[in-house]
Amino acid sequence: MMIHESDALAKTNRINMLFDFYEKLLTEKQQTFLKYYFHDDYSLGEIAAEFDITRQAVYEHVKRAGSVLESYESKLGLLRKHTASENWLNKLESLAELAGSNEDLRTKLQDIAKGLRDEIHGGT
């Protein structure tokens, strides 16, 4: 079965997003292999050479770490909640734009959206 480029990109993006949420819950080795493979775009062979192990061993480490991330997501749902929050914020911002000539309403809606976005992204 051949993986389409768009599927591979979607998987990489998902792993990177899950990694952002759950990195600290992974072992140091899992963090390292995922960073090399997904963040730094190293090949399995390059990682294998770096750590003096087989490509198959690297593949198994990466696959297992990805499964661990998916397991955390299924239990905690941080990415799902984040995505839902982003969608609601986008709707709120769109509504603010529709307020048009009602400057006061538009400003208040934009302030709410900014406050929520700052809160979600750890801003002040």
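Using the Cβ of Leu18 as centre and a radius below 10 Å, the other residues enclosed give a net charge of -3, where K and R count +1 and D and E count -1.
May I ask you to compute the full-extension gain from Ile112 to Arg64, defined as 0.36 nm times their residue separation minus their alpha-carbon distance, rounded to one decimal in nm?
That works out to 13.2 nm of additional length.
Which lysines, on any chain, are close to Lys11 with Cα under 18 Å apart, when same-chain ones fewer than 8 places away are left out? Filter leaves Lys35, Lys63.
Surface listing: Arg80, Arg14, Arg117 arranged by accessible area from highest to lowest gives Arg80, Arg14, Arg117, probe 1.4 Å. Taking label points 7 Å from Cα along the Cα-to-Cβ direction, Asn87 and Asn102 give a separation of 2.5 nm.
The accessible-area ordering, largest first, of the residues Lys35, Lys75, Lys91 stands as Lys75, Lys91, Lys35, per a 1.4 angstrom probe. Note on Lys114: lysines with a C-alpha under 25 Å away, same-chain residues under 8 apart excluded, are Lys81, Lys91. How would the stretch 21-87 be classified by its alpha-carbon gyration tensor: rounded, prolate or oblate, with rounded meaning a/c under 1.5 and the a/b versus b/c comparison settling the rest? Because a/c hits 1.5 or more and a/b exceeds b/c, the stretch 21-87 counts as prolate. Remark: relative contact order (the stretch 28-124) = 16 percent; criterion is Cα-Cα distance under 8 angstrom and separation of 6 or more residues. With Rh defined as the Kirkwood radius, the inverse of the mean 1/r over Cα pairs, the Rg/Rh of the chain is 1.16. Projecting label points 7 angstrom from Cα along Cα→Cβ for Arg55 and Asp40 puts them 1.9 nm apart.
Rolling a 1.4 Å probe over the protein heavy atoms leaves Asp52 with an accessible area of roughly 140 Å².
The values are calculated or read from the model by the stated rules, or taken from the named source; none is laboratory data. Since this is a predicted model, take the numbers as computed values, not measurements. Methodologically, a virtual Cβ is constructed for each residue, glycine included, from the backbone with ideal geometry; neighbour enumeration extends over all protein chains shown. Side chains included, ligands, DNA and RNA excluded: accessible areas come from the protein's heavy atoms. Shrake-Rupley method; radii C 1.70, N 1.55, O 1.52, S 1.80 Å.
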